[in-house]
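The structure under discussion appears below in the form of structure tokens.
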Amino acid sequence: MSKEGVTAVRLGIDDALVVFESLSEEEWSRPSGCAGWRVQDVAAHAGSNFKATVDPPPPPAEPLAPMPAERMMDLLVEPRRGWTPEQVLDEVRTYGPRLLETLDALQLEPVASSPMTMADLGTYKMHQLADAYAFDLYCHLRIDVLAPRGPVERDVPSADAARLGPAIAWMLAGLPKMQGAAFPFVDRPLNLSLTGPGGGSWTITGIGDGNVEVLPGEDPQATVRITSDGHAFVIWATKRSDWRPDVTLNGDRDLATRFLDTLNIV
């Protein structure tokens with residue numbers, strides 16, 4: 001189950017509100033590290049997602065054409081671009097507690113193990129939605145809003161394992177699903193070692209037709225080890241920066257380089 005994810009979401013909402021409630025009008029309008037979004041749009045993304053989860057709109061009369069998850073997020077933010085900061089904050093404050101109640105309920109069987117398809121991101125178990133929100137809050141607040149990569153200087157609690165661990169868990173769960181058959185060249189296992197809070201060791205191995213799977217622990221037969229700080233992993237694995245300054249490679253550099261250049265977790 002992802003009870004740790006629920007805890008991470010609770011902490012993430014608290015951290016986000018401390019930051020958002022302290023912003024000046026000028027800070028709200030600064031461009032964030034998420035392309036095309038202001039800081040206010042990042043907050044609106046959080047609130048609109050919370051609302052869509054706990055109080056979804058009725059289905060359209062005519063089925064909509066499938067669209068990427070990122071485009072769906074844009075469509076939620078766009079109607080809120082003209083809102084005041086206080087309206088955006090009210091939505092986060094109103095629906096944050098209700099989201100936590102929903103995520104708690106999703107940890108209970110039989111719902112917890114029920115399949116959940118998230119547009120082009122793949123199919124997961126319902127309880128993993130908590131990890132998805134933990135990742136979303138961590139990434140947007142700590143990387144897109146807060147310095148040094150974001151435009152806002154604020155002190156927040158350190159990125160401990162409680163906040164970062166479930167975010168990394170979501171990324172590793174999504175790694176085999178989000179890019180489909182993008183890894184036909186992975187014909188030997190790669191070891192991934194993430195250091196610091198929330199870190200650990202995993203093996204990434206090809207399973208045919210360009211697909212890979214992620215397994216806990218290292219494979220002694222792997223020809224390469226990829227090592228990075230866990231917080232940096234959130235940045236470079238989402239293609240917010242190049243991986244090279246933050247990654248150490250030991251072994252088959254050609255295989256690792258091709259894998260890392262291809263990797264793009266949404």
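The values are calculated or read from the model by the stated rules, or taken from the named source; none is laboratory data. Everything quoted here is computed from the prediction, not taken from an experiment. With ideal geometry, Cβ positions are generated from the backbone for all residues, glycine too; neighbour counts draw on all protein chains shown.
A few remarks follow.
- The residues of segment 88-133 that are in contact (Cβ under 8 Å) with a residue 40 or more places away in the chain and assigned to a strand (DSSP E or B), listed by number, are Thr123, Tyr124.
- Of all residues making up segment 14-50, the number that are closer than 13 Å to Asp136 by Cα and part of a loop (DSSP other than H, G, I, E, B): 1
- Flag for Phe233 being hydrophobic (A, V, I, L, M, F, W, C), in a helix (DSSP H, G or I) and touching a residue at least 24 places away in the same chain (Cβ under 8 Å): yes
- Inter-residue pairs, beta-carbon under 8 Å, first free of Cβ contacts under 8 Å to residues at least 12 places away in the same chain and on the phi < 0 side of the Ramachandran plot and in segment 34-54, second outside any helix (DSSP H, G or I) and surrounded by 21 or more Cβ atoms within 10 Å (Cβ to Cβ), 6+ apart: Arg38/Ser32
- Filter result (under 11 Å from Val152 (Cβ atoms) and in contact (Cβ under 8 Å) with a residue 60 or more places away in the chain) within segment 1-27: Val19, Phe20, Ser22, Leu23, Glu27
- Yes/no for Val39 being more than 16 Å from the chain's Cα centre (by Cα) and surrounded by 20 or more Cβ atoms within 10 Å (Cβ to Cβ): yes
- Under the condition of being among the basic types (Lys, Arg) and surrounded by fewer than 19 Cβ atoms within 10 Å (Cβ to Cβ), the residues counted in segment 140-176 number 2.
- Residue in segment 150-161 that is outside the structural domain of Gly251 (by TED's automatic domain parsing), in contact (Cβ under 8 Å) with a residue 40 or more places away in the chain and either in a strand (DSSP E or B) or on the phi > 0 side of the Ramachandran plot (or both) present: yes
- If you go through segment 1-60 and keep only what is among the acidic types (Asp, Glu) and farther than 30 Å from Pro110 by Cβ, you end up with Asp14, Asp15, Glu21, Glu25, Glu26, Glu27, Asp41.
- Residues that are surrounded by fewer than 18 Cβ atoms within 10 Å (Cβ to Cβ), out of contact with any strand residue (DSSP E or B) (no Cβ under 8 Å at 6 or more places or on another chain) and either within 21 Å of Phe135 (Cβ to Cβ) or in contact (Cβ under 8 Å) with a residue 12 or more places away in the chain (or both), drawn from segment 189-214: Pro197, Asp209, Gly210, Asn211
- Answer from Gln128, Gln179 - the residue that is of a type in the set (S, T, N, Q) and either under 20 Å from Thr102 (Cβ atoms) or touching a strand residue (DSSP E or B) at 6+ places or on another chain (Cβ under 6 Å) (or both): Gln128
- Checked against the criterion of being in contact with a Pro (Cβ under 6 Å, 6 or more places away or on another chain) and either farther than 21 Å from Ile265 by Cα or of a type in the set (Asp, Glu) (or both), segment 45-65 has no qualifying residue.
- Residue list for segment 19-28, restricted to those being surrounded by 14 or more Cβ atoms within 10 Å (Cβ to Cβ) and either over 11 Å from Pro151 (Cα atoms) or small (Gly, Ala, Ser) (or both): Val19, Phe20, Leu23
- Which listed residue is more than 17 Å from Ala130 (Cα to Cα), at pLDDT 95 or above and in contact with a Pro (Cβ under 8 Å, 6 or more places away or on another chain), from Arg30, Arg80: Arg30
- Test: residue in segment 238-248 that is closer than 30 Å to Glu27 by Cα, in contact with a His (Cβ under 8 Å, 6 or more places away or on another chain) and part of a helix (DSSP H, G or I): no
- Residues that are out of contact with any Phe, Trp or Tyr (no Cβ under 9 Å at 6 or more places or on another chain) and surrounded by 16 or more Cβ atoms within 10 Å (Cβ to Cβ), drawn from segment 113-123: Asp120, Leu121, Gly122
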